[in-house]
Amino acid sequence: MAFRGRLPLPSHLPAMFLVLMLILAAALCWLSWRLLQQDRALENQRLREHLEHAADLTGATLQQSISETEGRLAELAALPDARLDDAAERLGNQLPQDSLLVVLRPDAVEDYPKGRLPYYPVLPVSKDPPATTFAAGEVLEFRQKDYAGAIASFRELARSPDPLIRAGALLRLARNLIRAHEPEKALAVYDDLAKPGAARIGGIPADLLARRARFLVLEDLHQGAQLRREAATLSQDLNNHRWSLSRAAYQFYVQEVRRRLDLDSEAPAALQAREQEYLALAAAVESLWEQWQAGRREQSNPSGMRGFLSGGHPMLLMWRSGSERLVALAAGPRFFGEHWLRSLRPPLERQRIELALTDAEGRWVFGQIAADAVFQVRRSTVETKLPWTVHVASADPAADLAQFAARRRLLLAGLGLMAVVVLAGGYFIVRATTRELAVARLQSDFVAAVSHEFRTPLTSMLQIAELFARDRVPEEERRQKYSEILLRETERLHRLVENLLDFGRMEAGAHEYRLEPLDATALIRGVVGEFQEEVAARGYRVELSEKVSVSMVRGDQEALRRALWNLLDNAAKYSPKCRTVWVEVSLRDKHLSIGVRDRGLGIPAAEQKEVFKQFVRGAGSKAAGVKGTGLGLAMVHHIARAHRGRVLLESELGAGSTFTLLLPLEG
Ligand code: ADP
């Protein structure tokens, strides 16, 4: 039969706890899931609000910038012609590279700052000298093929102080020199003509004409290296927009230069990009010009704003016009995308928010945002009253999600910790309850056992006392015998009460041991003798063997007697068949060893530690109906400890037990 020192809980109690724990765990899981869901929703909402705010802010900033710029344009437009130029130049100089301020007039375009436009939609009308000026030379040249005569004629004219006549004469002179097979001389004349001057022939600057004409001569002379050098410088001058040209002229000369240079591959990318921006500006100005011309006829569109793509470059046009003058700003992304949003962009970048603008057709005019961006917000042109739709998106959704994931991990860790605490709490509660119940059960067993222990001697004492009181025992011999029984039972009762009281004091820590040097052998002999007398009637005997020369210990006489008595009492009590108890006194490691051995029931290994605990009784002894309180061995243990000694137990079920009390020797 299994040992039942610690009693199990009523079976429904742990099950109830288990169910409770499961409910608690399920509640925790549900709660965590809900929490996570809410957290995610909150996070999404926070991000969205963040973006909504950024979009609104962007819209408002752009609107404000636009109205400011409109204000400045209006101021400019209101200025009289005399002051317009200065004011426009000041404003124009502040513009980024892809933007331009223009003043359109019916016959001219003024641009601020200068040098950005590669070509103009309209050029100031250039006067050519009257056709008759060169008639004489041209007759010689074309009709009579008298090139020498023509050369002389044009040379003469080339001395004219009028730069227009001089330029026209030089051009014709060079042409005739070529026809007269004197290309070197023609080159020199072109060189002369190529000196910068204001003269324009047929609307084209004379120096440009001359420099391009040199290309042809150099080609004839097969002077490739010289040609490339000159083409390169001309290309540079064209890129610097040295001349005011019409679109056709600009394109023609660019082509001419390109043909002679492998320019596409030679021009640095930055230069090309810059030229692209300038071309976009020129196209914008051209379109504005056409619009104004049409508008002037219809007297419409006095002021306005228009966003469009010019040669693939987004552009915003803003204008104020009268019938004779139009002041306009052609702004590229550097202006409307960067300049206007200058104050806004750093904080947006810090918040990892990307910004972009699209035009009415959905083309990106500033920035770009992936179509599949998870978090993005739009503000349409209707909402913002801007020429563009504003887009904002989280620049780094992974980082935003990572933040969320970190919080989720923290939350899960917290919940995990809570679960562990709950489970650990549950475990300790179950354990404590189990122990409490076991102790309660042990105590009730104990009360029953003590009552039982009391009843037996009390019953005999009562009977004998009754016999004596009624004088029913006349014979001296029987009277003597009853008196002895009475004495023994009284002693037993006394011992029992003493045991209980002593144990109570030990438990409360109130028991005081009076330790004094004493001869253990004498004490053992005394106790064994008394015990022998006590049990002799039941047929028990004690065999004492002493193998010691010294046996002085420091001890409490009364306590040691009680400990030894308890061991002897148990040996007899739990050995119903073999009625001999062996007591062996010997020396062991500076200790006096008192072994009490029986050949009784024995104690199973699982119980051997438990039996030293208070109230604990062996299953075998209870089954065999041996009475007891479960206090004896606990007391022996307590006494041994108080003497700085130990109690050892060797036992085998069915073969008997040896309890050994070890006490340190005195000295
Ligand atoms: P009690 O004897 O009153 O039950 P004890 O504390 O003296 O209490 O002993 C505790 C238990 O140890 C006993 O119930 C018994 O099961 C076991 N026990 C003690 N001594 C022996 C022994 N000599 N032989 C077998 N079992 C013993």
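So the values come out like this:
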quantity: Residue in the range 358-408 that is nearest to L341 (Cα to Cα), counting only those that are among the charged types (D, E, K, R) and out of contact with any strand residue (DSSP E or B) (no Cβ under 8 Å at 6 or more places or on another chain); calculated: K385
quantity: Candidate set from the range 1-20 (those that are assigned to a helix (DSSP H, G or I) and at pLDDT below 80); member that is surrounded by the most Cβ atoms within 10 Å (Cβ to Cβ); calculated: F17
quantity: Which listed residue is within 60 Å of the chain's Cα centre (by Cα) and without any contact (Cβ under 8 Å) to a residue 24 or more places away in the chain, from K622, K609, K613; calculated: K609
quantity: Residue satisfying condition, being at pLDDT below 90 and farther than 30 Å from R342 by Cα, within set K127, K185, K114; calculated: K127
quantity: Wholly enclosed strands (runs of 3 or more DSSP E) of the range 321-426 bearing at least 2 residues over 30 Å from R72 (Cβ atoms); calculated: 376-379, 389-394
quantity: Filter result for the condition that a residue is aliphatic (A, V, I, L, M) and under 18 Å from L500 (Cα atoms), over V626, V647, V616; calculated: V616
quantity: G529 vs. criteria open to solvent by 40 Å² or more (accessible area, probe 1.4 Å), away from the ligand (no atom under 15 Å from the Cβ) and either of a type in the set (G, A, S) or touching a helix residue (DSSP H, G or I) at 6+ places or on another chain (Cβ under 9 Å) (or both); calculated: no
quantity: Filtered residues of the range 566-586 (kept if open to solvent by 10 Å² or more (accessible area, probe 1.4 Å), away from the ligand (no atom under 11 Å from the Cβ) and either of a type in the set (S, T, N, Q) or under 20 Å from G526 (Cβ atoms) (or both)); calculated: T580, W582, E584, S586
quantity: Residue satisfying all of: in the range 446-493; in contact with a Lys or Arg (Cβ under 7 Å, 6 or more places away or on another chain) and assigned to a helix (DSSP H, G or I); farthest from the ligand (Cβ to nearest atom) among these; calculated: P457
quantity: Complete set of residues in the range 596-651 that are more than 6 Å from the ligand (Cβ to nearest atom), among the basic types (K, R) and in a loop (DSSP other than H, G, I, E, B); calculated: R599, K609, K613, K627, R644
quantity: Candidate set: the range 544-561, residues that are part of a helix (DSSP H, G or I), over 13 Å from V528 (Cβ atoms) and open to solvent by 30 Å² or more (accessible area, probe 1.4 Å); chosen: the one farthest from the ligand (Cβ to nearest atom); calculated: Q557
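Condition check ((1) among the aromatic types (F, W, Y); (2) within 24 Å of G203 (Cβ to Cβ)) across all residues:
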position: L95; (1), (2): no, no
position: D98; (1), (2): no, no
position: L104; (1), (2): no, yes
position: V109; (1), (2): no, yes
position: Y112; (1), (2): yes, yes
position: R116; (1), (2): no, yes
position: L123; (1), (2): no, yes
position: K127; (1), (2): no, yes
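The values are calculated or read from the model by the stated rules, or taken from the named source; none is laboratory data. These numbers were taken from a predicted model, which means no experiment stands behind them. As a convention, Cβ positions derive from the backbone with ideal geometry for all residues, glycine included, and neighbour counts pool all protein chains shown. Surface areas here come from the heavy atoms of the whole protein model, side chains and all, with no ligands, DNA or RNA. Shrake-Rupley method; radii C 1.70, N 1.55, O 1.52, S 1.80 Å.
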